[in-house]
Amino acid sequence: MSVNNSEAVAASKPVLNDAVEARKPGVDYDAIDPVKTHKVAELKHTVPLTSCRVDPTGRFIVAGAEDLDIHVWDYESKTKRTLKGHTSWVRSFDFSADGNTLYSACWGGDIKAWNLLDTEPKSKLTIQAHQGSARWVRLSPDQTKLATCGNDLLVKLWDLENGKLLQSFAGHERHVYAVEFHPDGKHLVSQDLMGVIHVWDLHSGKKSRSIDASVMTGYDKKFAADMGGARDLQFSPDGSELATAGITNVVNSFAGVQDPIIMLFDWKTGQEKAKLKPDKTFQGIAWGVRYHPDGFLIGAGADRSGKGELWFRKPDESEFYHTMKLPAAARGLDLLNDARHLIVAHSHGAVHIYRMTEEEKQKQV
Amino acid sequence: MQRNQGCQQLDHRVARRQFLAGAAGGALAFSLSGSPAVAEQVNGQHKRILQVYLQGGVSQLESWDPKPGTEFGGPFRAIPTSVPGMHISELLPYTAQRMHHLSIVRSINLKTNDHTQGRLFMEKGRRAGEYPYVGSVASRYLAPAKAELPGYIHISTRGLNDSTAAFLGARHAQLKFLGVNPPKNLSLPKGLPPTAAERRMALRQQFNSQFQAGHGKAMTETFDASFQQAEKLMSRKTFFEKPPADKDLERYGKHDFGRNCLLARTLLENNATCVKVTHHGYDSHAENFNFHLEQLGEFDKTFSMLLDDLHERGMLESTLVMIYSEFGRTPKINVRYGRDHWGTAWSIALGGCGIQPGAIIGKTNEKGTAVAEREVDAGHLFHTYLQALGIDSTRDHEIAGRSVPIGDPAAQPIKELLA
């Protein structure tokens, strides 16, 4: 795990040019401790954000918003670029392993690819992937295929080189919210509105099994409608566990009265390993989940009041051991390659960068 | 079955006057065939209303007045319709292909964001006061004298009870069906032969007559109306007993709304005067976009199939179609991805009997935050509904020598919307 401390320091003082660091002797300011998580930078946009991602090399932070654009910040310089071309909100991103190419999915059903090394990137590939929203996009571990899912109830696999459809997986009966490659590269998982997780065998092109996450949906009798779906989906780095973020205990979904939940499943057996929920006073949606290389789990969510929280869970524990209050709803979460920084897309229109170490106090000269 | 009494002191003294320009009796035709052959039977019959009520307040931005790419436009795009130049939300692809049957009013300002106030204003055409709903007015002035079905039927999956008839009398009050389930006790009690039931009814009427002599008609009319409507339904219980055809369910959908709309079609085919179908689930203070995807996805195809069937049966020309809510939803998107109550600048769609098809009335500003042109409210709409049906809404209800204006005298119909 590499630590890019110079970038972190740069991020920690975007406005206090005259400040000097106040370092306590004997304190390891690089030691990772989620309890010490603190904000170090803010990247502002003008409208609420919907999602975020950071590239695997830690150079680019991207966010979708309640507009038609993709917002790209250079992590080091904090300069911002805007990518235009989508016809709807962008909800999901993925990056190539070298961080140079961005893939984006929008509610209009399109998938686009962008070369971020260009000064003013234009879409270099557009796939009309789904009828209705394209809710999710993921790049295969071997970097040759894209997986997408959408409101046409389909999961699709695309050839990255030419944008051609390779496989289409039918079987979901409600909108498909998220899709993810297993690290073995041989399987895909997808989760729909009703908490049905299908596992697709990429060799046979067929569904190999299903996992029951039906606790992550609820029927609101008063309004006669279902609410649910995966709002984030990620495998543990070794592929032994699947984490999915969303909701449970729907009481009045039209007013946002339900509980956030992060569920963990054993990949081999498909059995539930944990149901993680924040304090019961926090009602809303879990919008993000990430496995930290050190083994702990990070979640992010939005309360119906508009506040947000970050949650931290140690391996094999059944509850979060630390919660950090956030000033605004968290709508997306990602982890930088230095393993010390988190980014959160907030409903108040900014990406916040948080550092999971002892805070270096600043003082004025 | 829930029965709304809606009974006031003046209920039972309304003189029936033929001041209706277009009301007509006509022969009754009962059929469960569901086939276009019904068209000939219903042609030339009385005018009716199909109300599709999107309860909770459908978002105008996700339906009739999309503003993609603007500050509050949301994630959905606008799509062209069968009317050149008219665009609606991409959440309504089936309806879009049928907009040549419909028109949109995009400039409604109710000046209220309250569910009850909005609903009552939209139904009564008045902000306050005991006035009848448009369905009850239709029942009063359009239902044939010997109608074989209650004049105002509401199919819903849950119960909001409104006083709908006001002074028009209990027989014009809304009769509510909880979905397609048959009303309770529709069949005669076991062991009671029809002849005995008739004798029982005659005895009840005899008691009523004696009671009326001493207490006046008002005290018994409500009960009479209930019994009469129950009798009508008992003779039509096959409506509920016969399951819909598979091909109809395939077209309309197997969900509650699909089944409710199939029942509405049957009732309209059989000369019901006003049939209201409520589709719940639009009060989306959170997750507005996912919920509108789900709800309008259900509404769009089902409603379109019903519209097709009315058209194919030749019934559309005599059926006023209303797709409406109690208000719209805020342009501003809240922190829960919700939109809140918004009566300030929103839309409905109308079509069929007496309505100019393919029109867009009024306009909101670029962000949808205010009406920009041709502001109207529910008073104007109320006049428009009734005049489209041939009812002179500027006339009065005559109630025991007292005149009560049918429509709000301060409002006028939207004349350019009338065919």
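The values are calculated or read from the model by the stated rules, or taken from the named source; none is laboratory data. Remember, it's a predicted structure, so these values are computed and weren't measured experimentally. Don't worry about glycine lacking a Cβ; one is built from the backbone with ideal geometry, like all the others, and counts go over all protein chains shown.
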Note on the stretch B:398-418: residues farther than 10 Å from B:Phe382 by Cα, in a loop (DSSP other than H, G, I, E, B) and in contact with a helix residue (DSSP H, G or I) (Cβ under 7 Å, 6 or more places away or on another chain) are B:Ala400, B:Ala410
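One line per residue, one yes/no per condition, for (1) of a type in the set (Asp, Glu); (2) away from chain A (no Cβ under 12 Å); (3) over 30 Å from B:Tyr141 (Cα atoms):
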| position | (1), (2), (3) |
| --- | --- |
| B:Arg48 | no, yes, no |
| B:Gly56 | no, no, no |
| B:Pro75 | no, no, yes |
| B:Met99 | no, yes, no |
Look through B:Met322, B:Met305 and report the one residue that is away from chain A (no Cβ under 14 Å), not polar (S, T, N, Q) and not in a helix (DSSP H, G or I).
-> B:Met322
Collect the residues in the stretch B:270-301 that are in contact with a Ser or Thr (Cβ under 6 Å, 6 or more places away or on another chain) and of a type in the set (Asp, Glu), keeping them in residue-number order.
-> B:Asp300
The condition of being among the hydrophobic types (A, V, I, L, M, F, W, C), within 29 Å of B:Ala128 (Cβ to Cβ) and either touching a Leu at 6+ places or on another chain (Cβ under 6 Å) or at pLDDT 95 or above (or both) holds, among B:Ile323, B:Ile360, only for B:Ile323
Among residues of the stretch A:85-125 being among the acidic types (Asp, Glu) and in a loop (DSSP other than H, G, I, E, B), the residue nearest to the chain's Cα centre (by Cα) is A:Asp98
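Results for (1) under 20 Å from A:Arg290 (Cβ atoms); (2) in contact (Cβ under 8 Å) with a residue 60 or more places away in the chain; (3) within 14 Å of chain B (Cβ to nearest Cβ); (4) surrounded by fewer than 22 Cβ atoms within 10 Å (Cβ to Cβ), shown as yes or no for each residue.
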site: A:Asp33; (1), (2), (3), (4): yes, yes, no, yes
site: A:Thr46; (1), (2), (3), (4): no, yes, yes, yes
site: A:Asp67; (1), (2), (3), (4): no, no, yes, no
site: A:Asp74; (1), (2), (3), (4): no, no, no, yes
site: A:Lys78; (1), (2), (3), (4): no, yes, no, yes
site: A:His86; (1), (2), (3), (4): no, no, yes, no
site: A:Asn100; (1), (2), (3), (4): no, no, no, yes
site: A:Tyr103; (1), (2), (3), (4): yes, no, no, no
site: A:Asn115; (1), (2), (3), (4): no, no, no, yes
Within the stretch A:214-229, the residues that are out of contact with any Leu (no Cβ under 9 Å at 6 or more places or on another chain), among the small types (Gly, Ala, Ser) and in contact (Cβ under 8 Å) with a residue 12 or more places away in the chain are A:Ser214, A:Gly218, A:Ala225
Of all residues in the stretch A:217-255 being more than 21 Å from A:Asp94 (Cα to Cα) and away from chain B (no Cβ under 14 Å), the one that is surrounded by the fewest Cβ atoms within 10 Å (Cβ to Cβ) | A:Ser240
When residues of the stretch A:272-312 are filtered for being among the β-branched types (Val, Ile, Thr), away from chain B (no Cβ under 13 Å) and either buried (at least 20 other Cβ atoms within 10 Å of the Cβ) or touching a residue at least 24 places away in the same chain (Cβ under 8 Å) (or both), how many remain?
-> 2
Positions within the stretch B:245-298 being away from chain A (no Cβ under 12 Å) and hydrophobic (A, V, I, L, M, F, W, C), in sequence order | B:Ala245, B:Leu249, B:Cys261, B:Leu262, B:Leu263, B:Ala264, B:Leu267, B:Leu268, B:Ala272, B:Cys274, B:Val275, B:Val277
